[in-house]
1. Rounding to the nearest 20 debye, state how big the charge dipole of the stretch 163-297 is about its Cα centre with +1 on each Lys and Arg Cβ and -1 on each Asp and Glu Cβ.
2. How would Tyr192, Tyr124 line up from fewest to most surrounding beta-carbon atoms within 10 angstrom?
3. Mind pulling the angle between the C-alpha long axis of helix 64-76 and the longest principal axis of the chain? Nearest 10 degrees, somewhere in 0 to 90.
4. Going from the alpha-carbon gyration tensor of the stretch 182-254, what semi-axes, largest first and in whole Å, does one get by taking the root of 5 times each eigenvalue?
5. Set the Förster radius R0 to 30 Å, insert the Cβ-Cβ distance between Ala47 and Glu122 as r into 1/(1 + (r/R0)^6), and round the FRET efficiency to 0.05.
6. Please give the contour-minus-distance gain from Ala307 to Phe237: 0.36 nm per residue of separation, less the Cα-Cα distance, rounded to one decimal in nm.
7. Taking only C-alpha pairs under 8 Å that are 6+ residues apart, what is the relative contact order of the chain in percent?
8. Among the aspartates and glutamates, which have Cα under 19 Å from the Cα of Lys74 when same-chain residues fewer than 8 positions away are ignored?
Amino acid sequence: MTHHAIAFAPASVGNVGVGFDILGHSVAGPGDRVLVRHIPEPTVRIAAIRGSTQALPMDAARNTAGAAVIALRKALKIPAGFEIEIDKGIPFGSGMGGSAASAVAALVAANALLGEPLTRSELYPFALEGEAVASGGRHGDNVGPMLLGGLVLSTADRLVPIPVPRGLHCALVHPAAVLETRAARAALAGAYALSDFVAQSANLALLLAGCHERDLDLIRAGLNDVLVEPRRAPLIFGFDRVKQAALSAGALGASISGAGPSVFAWCADEGTAHSVAGWMRSAFSDVGYASEAWISPVAGPAAQVVA
């Protein structure tokens, strides 16, 4: 029997602007690495957390990785327990799916230790349990694409892979700032006009249709968040300047990655994405923020066992 496994889960762009809580894609490059080992005690415990600039919960029930594995163990009535070690590679409060990555990597590693491993879709409910610990809600826009890879529509009980045009790339820029998910969600409180919901629904439909039809003009028309972005943008110093820099440099569209403060831009090809990322970083620099950038296919990787 294999007594331990290590899995890596990539970062992600949650919401993709117009798909609040239901649409996201994985990002090649940064990610979390989690080791899970069998232990004889009937419990789940966190043995170590490395690489985080913030103190994260060591109590398994309050940790996204621990909560996800607790849910898996309970559902499958596993008599033995699991011990978890987490190596964080995604900045805290970055809007890059860090809490989700720990949960997904832990689940993928624990699943590899089972005699009859579950499918990625079967792991989805447990990933939602883990994500809820950090964000306060069961939303799959980050865990879905991490489980399957690429662009994924993640509803309450279903994962739907979305095809993307060949060559479509994302420029993801993270400023040296922290914006916690719960604070970003609090900014969304209050009433919304019905016309805004209609406009957002139309834009999401255009983006999804553009992906299926491989029509960049439809994607450009749809990648425009009129519902959430206006309320969260004031939380990200310099956001309007960074977004305009991306659009002026040739991006199809740009918006807030997850809860922010990272900003993403979709581009027709890799070369444009590199150019756009440079202009976005320059715009952040103009308002006093250092930043780092990643270029990834929108059809990014899925979480995987690495040892």
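Read-outs throughout are calculated quantities, based only on the coordinates presented, and are distinct from any laboratory measurement. Values in this document were obtained by computation on a predicted structure and should not be read as measured data. A quick note on method: Cβ atoms are made from the backbone with ideal geometry, for glycine too, and the neighbour counts reach across all protein chains shown.
1. Numbers: 10 positive and 12 negative charges, 50 e Å.
Here the stretch 163-297 has a charge dipole of around 240 debye.
2. Numbers: Tyr192 13, Tyr124 24.
Final ranking by Cβ density, sparse to dense: Tyr192, Tyr124.
3. 50
4. Details: eigenvalues 106, 67, 15 Å².
With the √(5λ) rule applied to the stretch 182-254, the semi-axes are 23, 18, 9 Å.
5. 0.70
6. Details: separation 70, 0.36 × 70 = 25.20 nm, distance 4.03 nm.
Gain in length upon complete extension: 21.2 nm.
7. Details: 803 pairs, mean separation 77.7, N = 307.
Value for the chain: 25 percent.
8. Glu41, Asp59, Glu83, Glu116, Glu122, Glu129, Glu131, Asp157
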